[in-house]
Amino acid sequence: MSEMAAAQWRIVLEQAHEALRTVVEGIPADAWERPTPCERWNVTQVLQHAVGDQLAFAAAIDGGSGPTEDPFAPSGRIDGDKLAGLHAALDASARAWKGVADDAPEVPTPLPQGKLPAEVGAVACALDAAVHAWDIAVATGQPSPLDAELARPLLVVARQIVEPLRAYGAYAPAINPAPEADEVAALLSYLGRDPR
């Protein structure tokens, strides 16, 4: 990500965290069981997955406890306050990344790639939050939380990390974007999501 300024990844991560927080806080009371663009998962399960991934990134960096259930096998049940786990996970992730130097050459991640440069690892963490914010927004009739400014760095990092993750089922096969696709549509298509 040579075109990214040393600390720009912090802004991208903050924007992605805010996108996820805002969309989840906007979920209507009757929408938690709705299907999402993540095949086989409803809104609650996508939230559980997103929470688990943020905790996994935090734990990789600071040695914390990480998620209590497998983010790739979400139960679909959240006892008590549905937002409490999200807030705790986003706080843990932000705190962990705060302790990382802007230009750290190797930062532990929960990804199969292992250690990555700070700007790649942090934007990978942001990618997870932002794309699942989009999934939940689509499922619950909310506006897209993605814009070109956020999508641009996410797509750069997605192209560096996603291919090996497809083998694990973390992403569907890429879709050919329409010729007129903007950065958001290009990102979603690359991640196997239909931008429409």
Exercise. Accessible area of I136, 1.4 Å probe, to the nearest 10 Å²?
Worked result: 0
For this session: Would you mind checking which residues have amide H under 5 Å from L116's amide H? H placed 1.01 Å from N; only 5 or more apart, or other chain.
Result: V107, T109
Seminar exercise, completed: Of the candidate values (1) 33, 17, 16; (2) 28, 20, 15; (3) 23, 21, 15, the one computed for semi-axes √(5λ) of the Cα gyration tensor in Å from this structure is (3)
Exercise. When averaged across all projection directions, what area in nm² does the alpha-carbon convex hull of the stretch 1-87 cover?
Worked result: 7.0
For this session: Place the peptides 37-47, 179-189, 161-171 in order of packing, highest mean first, counting for every residue the other Cβ atoms within 10 Å and averaging per peptide.
Result: 37-47, 179-189, 161-171
Exercise. Ignoring any ligand, DNA or RNA, what whole percent of the accessible area of the chain comes from carbon and sulfur when the probe is 1.4 angstrom?
Worked result: 52
Problem set entry | Neighbourhood charge, 15 Å Cβ-Cβ cut-off, centred on T22 and excluding it, Lys, Arg +1 and Asp, Glu -1 | -3
Exercise. What number, in percent, do you get for the relative contact order of the chain if the mean sequence gap of Cα pairs under 8 Å and at least 6 apart is divided by its residue count?
Worked result: 25
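The values are calculated or read from the model by the stated rules, or taken from the named source; none is laboratory data. As the structure is a prediction and not an experimental result, all values here were calculated from the model. Glycine gets a Cβ as well: all are built from the backbone with ideal geometry, and neighbour counts include every protein chain shown. Surface accessibility is based on the protein's heavy atoms, side chains included, excluding ligands, DNA and RNA. Shrake-Rupley method; radii C 1.70, N 1.55, O 1.52, S 1.80 Å.
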